[in-house]
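Student: Dumping the structure here so I can ask a few things about it.
The values are calculated or read from the model by the stated rules, or taken from the named source; none is laboratory data. This one's a predicted model, so the numbers in the text were calculated from it and none came from an experiment. Glycine also receives a Cβ, built like all others from the backbone with ideal geometry; neighbour counts cover every protein chain displayed. Please note that ligands, DNA and RNA were not included when accessible areas were found on the heavy atoms of the full protein model with its side chains. Shrake-Rupley method; radii C 1.70, N 1.55, O 1.52, S 1.80 Å.
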Amino acid sequence: LGLTITVGEILVEIMATTVGAGFLSPQSFVGPFPSGAPAIFIDQVARFGGAAGIVAAVGADDFGTINVERLRADGVDVSAIATIQGKPTGSAFVRYRPDGARDFVFNITHSAAGEARMTEAARALVAKSGHVHVMGSAFAIPGIAAALVEAVATVKARGGSVSFDPNIRKELAQADEGRKLVDDVLAVTDLLLPSGDELLVAADAATEEAAVERLLNLGIGEIALKRGSAGSSHFSRQFGRVDCPAFSVEEIDPTGAGDCFGAAYLTSRRAGLAPARALLYANAAGARTVTRQGPMEGVSSREELDEFIAAAGREVG
Ligand code: ATP
């Protein structure tokens, strides 16, 4: 049961090429690029060498095709991606503020992406899997949340494991039941992959130390905390705290860094690597991603990461 799966949105992303321009006047865009946090994540699992699959839905259109064909080419099991007639593939328009922040216009909930369900093909995929990755963005989408909850329960009941990236973007605002969903997932999470404030929000704590303590006490096996250009840290009872500095790169487009980090970290750990090595691969995967424009364009194979780490003079171990 080495198969890792996720359930969630597949989108195309279309990005403004001018920093600072809004959506209120015509301008140049680049794309469509294959995207959706769960799709980026699962693509990186496969490219790193892990067995990977996704439960999702696309429309019967070119935006769906570029996604499915990219995932298939990179080795992801696409048998549980449904094609929904009469609804377009999900999309997101992105613009960049001068301070580096991003604003999105999403078309997800009412697109094919919001139609991902536990179909027969999805249940067959879940039945073969030993790990489910939960994306906060996916369980903010009402129809998808139920499928995700079922996948988690099935895999967990069989002794499988769960990772959770609480990447909840403000545009995909949580309903009132959001906190309960977060708590329900935290209760079964083996690996938590927060970034920045998400650690404090997830734990409802004021400091990093208090948050880590509370989450490990909940039974979460390990935490891999993403710190952007400051690198990352691992926390667990077994290994304590392990820090890993970031690689020095020129950031072109931050999209996808957290997803690629999480996928490389999880797949490294599932392959039996120690946290220090898993963080090194994860930081390298995140760093390579930000040097490429496009959410899924910087996904790396393990060999590419080995070369990148060696070129930076860092120890692969
Ligand atoms: P996103 O939501 O944009 O996908 P995130 O907030 O979940 O990202 P980040 O902390 O931004 O995650 O990035 C994940 C990892 O990628 C970082 O821990 C770091 O190792 C690497 N990384 C991200 N940005 C940079 C950067 N500018 N330079 C070097 N490494 C980076």
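Student: Over the stretch 165-317, what is the percentage of antiparallel beta bridges among all DSSP beta bridges, to the nearest 5? Mind showing how you got there, number by number?
Tutor: On the way: 10 of 13 bridges.
Approximately 75 percent, going by the DSSP bridge assignments.
Student: Output wanted: per-residue J couplings in Hz (rounded whole) for the stretch 100-115, from phi through Karplus 6.51 cos²θ - 1.76 cosθ + 1.60, θ = phi - 60°, x for Gly and Pro.
Tutor: x, 5, 10, 10, 10, 10, 9, 10, 10, 4, 9, 9, 4, 3, x, 9
Student: Follow-up. Going by amide H atoms built from the backbone, whose H comes under 5 Å of the H on ALA246, apart from near neighbours?
Tutor: HN-HN under 5 Å from ALA246: GLY231, SER232.
Student: Based on alpha-carbon positions alone, could you give the equivalent ellipsoid semi-axes of the stretch 1-140 from the gyration tensor, as √(5λ), descending, whole Å? Could you put the intermediate results ahead of the total?
Tutor: Values: eigenvalues 158, 51, 32 Å².
Largest first, the stretch 1-140 gives 28, 16, 13 Å.
Student: Next up: For the chain, set up a GNM with springs between Cα atoms under 10 Å and report which of THR119, THR255, THR18 has the largest fluctuation.
Tutor: Of THR119, THR255, THR18, the most mobile in the Gaussian network model is THR18.
Student: Next question. Using the Karplus curve 6.51 cos²θ - 1.76 cosθ + 1.60 with θ = phi - 60°, work out ³J(HN,Hα) for each residue of the stretch 19-34 in order, rounded to whole Hz, and write x for Gly and Pro.
Tutor: Going residue by residue, I get 5, x, 6, x, 9, 8, 9, x, 7, 8, 10, 10, x, x, 10, x Hz, with x marking Gly and Pro.
Student: Show that you can apply the helix-only estimate: for the chain, add -39,500 (n - 2.57) for every DSSP H stretch of four or more residues, divide by all residues, and state [θ] at 222 nm to the nearest 500. The partial results should precede the final answer.
Tutor: On the way: 11 runs with 117 residues, N = 317.
Taking each H run of at least 4 residues, the total per residue is -11000 deg cm²/dmol.
Student: Express the carbon and sulfur contribution to the solvent-accessible surface of the stretch 156-269 as a percent, rounded to the nearest whole number, probe 1.4 angstrom. Please report the intermediate quantities before stating the final value.
Tutor: Details: 2730 of 5260 Å².
It is 52 percent, rounded to a whole number.
Student: In the stretch 185-253, which trypsin sites (Lys or Arg not before Pro) are in a loop and have at most 10 other Cβ atoms within 10 Å, using DSSP for the loop call? Please list the in-between numbers first.
Tutor: Working: sites: ARG214, LYS226, ARG227, ARG237, ARG241; in loops: ARG227, ARG237.
Those satisfying the criteria are ARG237.
Student: Tell me which residues come under 5 Å, amide H to amide H, from ILE81 once H is placed; ignore anything under 5 positions away on its chain.
Tutor: ALA56
Student: Arrange the peptides 51-62, 272-283, 303-314 so that the one whose residues have, on average, the most other Cβ atoms within 10 Å appears first.
Tutor: Details: 51-62: 23.9, 272-283: 21.5, 303-314: 14.4.
Highest mean packing first, the order is 51-62, 272-283, 303-314.
Student: Per residue, how large is the accessible surface of the chain? Use a 1.4 angstrom probe and give square angstrom.
Tutor: Values: 12920 Å² over 317 residues.
About 41 Å² of surface per residue is accessible.
Student: Loop-only trypsin sites (Lys or Arg not before Pro) in the stretch 1-82, please: DSSP not H, G, I, E or B, and at most 16 other Cβ atoms within 10 Å. Write down the numbers at each step before the final one.
Tutor: Details: sites: ARG47, ARG70, ARG72; in loops: none.
Answer by residue number: there is no such site.
Student: Okay, moving on. Which one of ARG117, ARG288, ARG102 has the biggest mean-square fluctuation once the chain is modelled by GNM with Cα springs under 10 Å?
Tutor: ARG102
Student: To the nearest µm²/s, what D does Stokes-Einstein give for the chain at 37 °C and 0.692 mPa s, using the Kirkwood radius over alpha carbon pairs as Rh?
Tutor: So the translational diffusion coefficient is about 169 µm²/s.
Student: Continuing with this model, one more query. Heavy atoms only, probe 1.4 Å: what % of the accessible area of the stretch 1-139 goes to carbon and sulfur, would you let me know? Mind showing how you got there, number by number?
Tutor: Values: 2850 of 5250 Å².
The value for the stretch 1-139 is 54 percent carbon and sulfur by accessible area.
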